[in-house]
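The values are calculated or read from the model by the stated rules, or taken from the named source; none is laboratory data. It should be emphasised that the depicted structure is a prediction, and the values quoted were computed from it without experimental measurement. Heads up, the Cβs are rebuilt from the backbone with ideal geometry, glycines too, and the neighbour counts pull from every protein chain shown.
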Amino acid sequence: MIASVIVGVLAVSALLAWAMWRACKTAERAERDPRFLRRILLGFGLLYIASAVYDVAEVIAGKEPLQSLIGLPIGAALAWLFLKAALRVKVPPA
């Protein structure tokens with residue numbers, strides 16, 4: 001039992017370390033490459049828009065209660081901020 005807990009903690013720690021290393025590399029690349037930064041910002045903005053559309057569709061279909069739309073303004077604001085930031089990134093011509 002103790003061995004499986006130790007192995008599990010080591011595995012989760014290794015996964016977390018790998019994820020943090022990838023996040024660091026992505027941040028470094030975003031600093032160097034404006035196209036990559038714009039792609040990341042657009043992706044996050046579209047993710048928030050897609051989740052909002054899905055949530056509204058679920059409420060319209062009657063599968064989710066109306067109270068699930070309480071966080072919609074926050075998601076809309078985040079989507080707007082990400083898309084606005086993506087449009088402000090200066091990309092040099094190809």
Practice problem: Kindly list, by first and then second residue, each pair from a residue in region 62-87 that is closer than 30 Å to ARG38 by Cβ and assigned by TED's automatic domain parsing to the domain that holds GLY43 to a residue that is outside any loop (DSSP other than H, G, I, E, B) and of a type in the set (S, T, N, Q), limited to pairs with Cβ atoms under 7 Å and residues at least 6 apart or on different chains. | Solution: GLY75/SER51
Practice problem: Give region 46-94 a look and list any residue that's within 30 Å of GLU31 (Cβ to Cβ) and of a type in the set (Phe, Trp, Tyr), or say none. | Solution: TYR48, TRP80, PHE82
Exercise. Kindly indicate which of LEU46, LEU15 is closer than 25 Å to PRO93 by Cβ and without any contact (Cβ under 8 Å) to a residue 40 or more places away in the chain.
Key: LEU46
